[in-house]
């Protein structure tokens with residue numbers, strides 16, 4: 001007979017044990033599939049529960065973190081059934097907190113990422129089956145094709161960004177901060193355009209330490225200040241701009257802010273999220289998701305003041321063409337100083353000419369003087 005406690009802790013994804021489980025209750029763990037990644041010491045498949053993983057942290061956590069993780073486990077229960085199902089399908093949402101004697105939190109149970117996020121990638125002259133990170137969308141289609149994947153094209157990029165922002169919007173709706181939005185924390189399925197978000201067990205309510213990778217710093221979140229929903233909004237918009245355009249630098253912002261005929265509000269939403277001078281004037285992630293679907297932009301009043309877009313990278317200068325053999329360096333035939341001719345500047349030439357005239361005048365005076373005698 002099913003007990004009340006089992007009903008309350010039952011997971012709709014099929015996790016059979018309670019939301020707080022001792023490590024030895026999980027049964028045997030097989031060889032790790034990942035080690036020393038982020039805050040995890042190792043991630044092990046659970047032999048008695050196929051499709052589930054034990055993510056063991058590098059350091060045991062204290063009671064405050066146990067309460068945080070317990071709240072995270074139960075958070076989806078407040079969502080409508082359809083939204084909750086989408087969250088479970090698109091993220092590795094934890095199913096249980098793992099504890100040990102004297103340590104309230106040593107890890108968590110998470111689902112294994114679906115196999116359809118693995119694809120064969122061309123690595124040199126070989127092919128390897130790997131999880132495809134969303135990183136590939138931040139590159140031109142030609143780069144994606146060179147690795148053996150189908151080019152996403154504008155439609156594939158839009159589909160992935162729409163799914164990605166749908167998941168991010170749910171986190172914001174739950175009042176959770178993710179902070180470390182970056183290429184390596186989401187998988188992408190090139191065939192369906194689906195996105196799968198990982199490392200969500202680190203989410204915290206309202207604010208958390210500002211964790212980010214290089215080139216993901218929020219200019220309006222100073223060092224030492226916690227990340228919050230406004231920090232998340234900036235990085236989510238940055239991820240969207242880069243994946244939509246296949247660019248990683250300032251060109252992504254300029255291209256994403258341009259006209260999108262089927263998404264007329266998209267450019268304005270992205271500009272306000274990325275360039276608003278006041279961080280709390282950044283539009284919500286839900287508003288970005290709506291714009292990606294072609295919906296309107298209900299802009300805050302007054303309109304946010306924007307910071308200028310960063311300068312575009314300067315194009316590389318073409319090399320000077322010469323008729324010499326390859327590998328032989330020659331001096332440029334163009335004068336280094338445009339005012340210099342035959343080794344003399346214009347000023348030096350005038351001085352020489354004046355000296356010559358003076359000398360000729362002196363010779364003429366001497367000749368006249370001699371003739372007069």
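The values are calculated or read from the model by the stated rules, or taken from the named source; none is laboratory data. A quick note: this is a predicted structure, and the numbers were derived from the prediction, not measured. Here the Cβ positions follow ideal geometry from the backbone for every residue, glycine too, while neighbour counts run over all protein chains shown.
Taking (1) modelled with pLDDT of 95 or more; (2) more than 23 Å from residue 159 (Cα to Cα); (3) part of a loop (DSSP other than H, G, I, E, B) in turn, residue 300 satisfies each apart from (1).
Kindly evaluate residue 224 against the criterion of being modelled with pLDDT under 95, over 22 Å from residue 271 (Cβ atoms), surrounded by fewer than 23 Cβ atoms within 10 Å (Cβ to Cβ) and touching a helix residue (DSSP H, G or I) at 6+ places or on another chain (Cβ under 6 Å). Criteria not met by residue 224. Evaluated against (1) in contact with a strand residue (DSSP E or B) (Cβ under 8 Å, 6 or more places away or on another chain); (2) touching a residue at least 12 places away in the same chain (Cβ under 8 Å); (3) farther than 26 Å from residue 273 by Cβ, residue 167 falls short on exactly one condition, (3).
If you check 151, 113, which single one turns out to be more than 30 Å from residue 14 (Cα to Cα), more than 17 Å from the chain's Cα centre (by Cα) and either touching a residue at least 40 places away in the same chain (Cβ under 8 Å) or outside any strand (DSSP E or B) (or both)?
After ruling out the rest, the residue left standing is 151.
Yes/no matrix, rows are residues, columns are (1) surrounded by 16 or more Cβ atoms within 10 Å (Cβ to Cβ); (2) more than 20 Å from residue 292 (Cα to Cα):
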| site | (1), (2) |
| --- | --- |
| 76 | yes, yes |
| 104 | yes, yes |
| 124 | no, yes |
| 128 | no, yes |
| 133 | yes, yes |
| 145 | no, yes |
| 170 | yes, no |
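This table checks each residue for (1) loosely packed, with under 10 Cβ neighbours inside 10 Å; (2) at pLDDT 90 or above; (3) closer than 30 Å to residue 238 by Cβ; (4) under 37 Å from the mean Cα position of the chain (by Cα).
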| position | (1), (2), (3), (4) |
| --- | --- |
| 291 | no, yes, yes, yes |
| 307 | no, yes, yes, yes |
| 310 | no, no, yes, yes |
| 325 | yes, no, no, no |
| 344 | no, no, no, no |
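Would you mind stating whether residue 276 is surrounded by 22 or more Cβ atoms within 10 Å (Cβ to Cβ) and in the same structural domain as residue 143 (by TED's automatic domain parsing)? Against the criterion (surrounded by 22 or more Cβ atoms within 10 Å (Cβ to Cβ) and in the same structural domain as residue 143 (by TED's automatic domain parsing)), residue 276 qualifies.
Assigned to a helix (DSSP H, G or I), within 20 Å of residue 129 (Cβ to Cβ) and in contact with a strand residue (DSSP E or B) (Cβ under 7 Å, 6 or more places away or on another chain): does that describe residue 143? Considered against the rule, which asks whether it is assigned to a helix (DSSP H, G or I), within 20 Å of residue 129 (Cβ to Cβ) and in contact with a strand residue (DSSP E or B) (Cβ under 7 Å, 6 or more places away or on another chain), residue 143 comes out as no. The single condition from (1) part of a helix (DSSP H, G or I); (2) touching a residue at least 60 places away in the same chain (Cβ under 8 Å); (3) under 22 Å from residue 40 (Cβ atoms) that residue 184 fails is (2).
Can you say whether residue 65 is part of a helix (DSSP H, G or I) and over 28 Å from the mean Cα position of the chain (by Cα), as far as the supplied structure shows? Spelling it out, it is not the case that residue 65 is part of a helix (DSSP H, G or I) and over 28 Å from the mean Cα position of the chain (by Cα). For the criterion of being in contact with a strand residue (DSSP E or B) (Cβ under 7 Å, 6 or more places away or on another chain), touching a residue at least 24 places away in the same chain (Cβ under 8 Å) and not in a loop (DSSP other than H, G, I, E, B), residue 253 fails.
One line per residue, one yes/no per condition, for (1) at pLDDT below 95; (2) in the same structural domain as residue 255 (by TED's automatic domain parsing); (3) over 23 Å from residue 283 (Cα atoms):
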{"site": "140", "(1), (2), (3)": "no, yes, yes"}
{"site": "159", "(1), (2), (3)": "no, yes, no"}
{"site": "162", "(1), (2), (3)": "no, yes, no"}
{"site": "168", "(1), (2), (3)": "no, yes, no"}
{"site": "180", "(1), (2), (3)": "yes, yes, no"}
{"site": "183", "(1), (2), (3)": "yes, yes, no"}
{"site": "188", "(1), (2), (3)": "no, yes, yes"}
{"site": "196", "(1), (2), (3)": "no, yes, yes"}
